[in-house]
Every structure is written in structure tokens, then in C-alpha cells.
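Working notes, beginning with the structure itself.
Just so it is clear, none of the values below were taken in a lab; they were calculated from the coordinates. Please read these numbers as outputs of a predicted model, since none were measured by experiment. Here the Cβ positions follow ideal geometry from the backbone for every residue, glycine too, while neighbour counts run over all protein chains shown.
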Amino acid sequence: GQNIDQPTEMTATEGAIVQINCTYQTSGFNGLFWYQQHAGEAPTFLSYNVLDGLEEKGRFSSFLSRSKGYSYLLLKELQMKDSASYLCAVSTSGGSYIPTFGRGTSLIVHP
Amino acid sequence: EAQVTQNPRYLITVTGKKLTVTCSQNMNHEYMSWYRQDPGLGLRQIYYSMNVEVTDKGDVPEGYKVSRKEKRNFPLILESPSPNQTSLYFCASRGQATYEQYFGPGTRLTVT
């Protein structure tokens, strides 16, 4: 089985930086996804990390440490529209790369 | 426009009345999957398919059936719905050459 753990809720201030952590325990690990989901909407893809290290994509960056079973999503220059749930998900061996999701972190950005 | 469509978007039904939620994608994707999303439990995979006529169970398959007779369609069938299947359902697809999953808009199902 798989165990994916992330905080339930976080709050931050507009313009600030926030880091959302995700830890996982799984066999046959392939890679780790981050998705964003606004209330009542479908999840949208943010990133996929296969190798250790930091990948930057605009205001969002994602980090992976395979040996520690740890990832984080870093959001810079927070905007009100960043208020959403952030879903950590892992894919495992088998070739399908269809992710298994954690319970998500609800991020609230306030002025 | 590349998209995943689901129908219906909203459905209220009664216990035991068979229903089908359709899912269709226009991106020629090989992989398709169904998830349900419940408060506090996150997205849980019901079934997935790696290609036509190839399907497999996810984490919570009980009470659901799927079929993949055509590449573009992946319907979710509830033969005898029960109230514990009240949930928000998402269909998703992915191409063989990419990691990104594209999600449909969701179907909110209520079983009374």
C-alpha cells in the first residue's frame, strides 16, 4: 500500500512565500505529482518530479528527495487566486503513471 | 479544444437504480481513470484503463463497473447505487508519452 501525508490546512499572506510539505511511503516509487484544485473544480497539473532536486516553474517550484520520501511545493509571491487545495500524489511501478493522491492541503491566502 | 467531458454533471438518484456516468476524451489518450472525492479523504482511484479492453481495479472498486470498448470513452457504471456512493466523481486521461493527467469537470452524484 501507499501512505501519503500532507498538512490539512495552511494559511499565508498575499505576497509571501509558502512551502507545502508531503511525505510518502510506497514501494516501487516512480515519481511525485503536485496538482492544484480550486473549490468545486477539477484538479490541474502543476509538476511531476522523478529525480531528486528542485524544479522551478514560474512562481511555483517543487522539490523531491527520493531517499527521504519527501517533497515540497514552494509558492512565491502569493496571490489571492492561489487559495486552493494542493494535492500531492505518487506514481508507482507498473508503467501506468496513474497517480495515487494524498488528502490534499487547503491553502488560504489572506490580504 | 483538448478536453475530457463527463455527463451528467449533477445527478440525484435513488438507491438501487442503475446509472451510468459517461466520460469521453478527444486527445487519443491511452490511459483513463475514475476517481471519487470525499471531504477529508481526498481523491481515491476507483478503476483505471491502460488501453481498449484493458482495465484494472484501483483502491475503491466495490460497487462500480467500467468498460473500455473504444479508446475515447470510459463509462462508470453503478449497477445498484447506495447512499455511500454519494460523492464527487472525476474522470481523467493521460497520453502514453506524457505524465500530465487531464481531468474532466466532475460529476456530483447524490444517492438517496
Any chance region B:9-19 includes a residue that's farther than 20 Å from A:Asn30 by Cβ, in contact with a Pro (Cβ under 9 Å, 6 or more places away or on another chain), surrounded by 16 or more Cβ atoms within 10 Å (Cβ to Cβ) and within 11 Å of another protein chain (Cβ to nearest Cβ)? no
Tell me, yes or no, whether region A:96-107 has at least one residue that is away from every other protein chain (no Cβ under 14 Å), under 14 Å from the mean Cα position of the chain (by Cα) and not charged (D, E, K, R). yes
Scan region B:99-112 for residues that are under 18 Å from A:Cys88 (Cα atoms) and either in a loop (DSSP other than H, G, I, E, B) or touching a Leu at 6+ places or on another chain (Cβ under 7 Å) (or both) and report the count. 3
Exclusive hit being among the β-branched types (Val, Ile, Thr) and either touching a residue at least 60 places away in the same chain (Cβ under 8 Å) or more than 16 Å from B:Lys18 (Cβ to Cβ) (or both), set B:Val66, B:Val54: B:Val54
All-but-one check, B:Pro81 against (1) in contact with a Leu (Cβ under 7 Å, 6 or more places away or on another chain); (2) away from chain A (no Cβ under 14 Å); (3) under 26 Å from A:Thr92 (Cβ atoms), failing number (3)
I'm checking my understanding of the structure. Among residues of region A:29-47 that are facing another protein chain (nearest Cβ under 9 Å) and in contact (Cβ under 8 Å) with a residue 24 or more places away in the chain, which one is farthest from B:Arg108 (Cα to Cα)? A:Gly31
Single condition A:Arg59 does not satisfy, out of (1) under 25 Å from B:Arg44 (Cα atoms); (2) without any contact (Cβ under 8 Å) to a residue 24 or more places away in the chain: (1)
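Which one of A:Leu78, A:Leu46 is within 14 Å of the chain's Cα centre (by Cα) and either hydrophobic (A, V, I, L, M, F, W, C) or on the phi > 0 side of the Ramachandran plot (or both)?
A:Leu46
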From the option list A:Thr105, A:Thr100, A:Thr92, single residue qualifying as more than 20 Å from A:Pro7 (Cα to Cα) and touching a residue at least 40 places away in the same chain (Cβ under 8 Å) is A:Thr92
Take region A:53-96 and flag every residue that is touching a Phe, Trp or Tyr at 6+ places or on another chain (Cβ under 7 Å) and outside any strand (DSSP E or B). A:Arg66, A:Gly69, A:Ser96
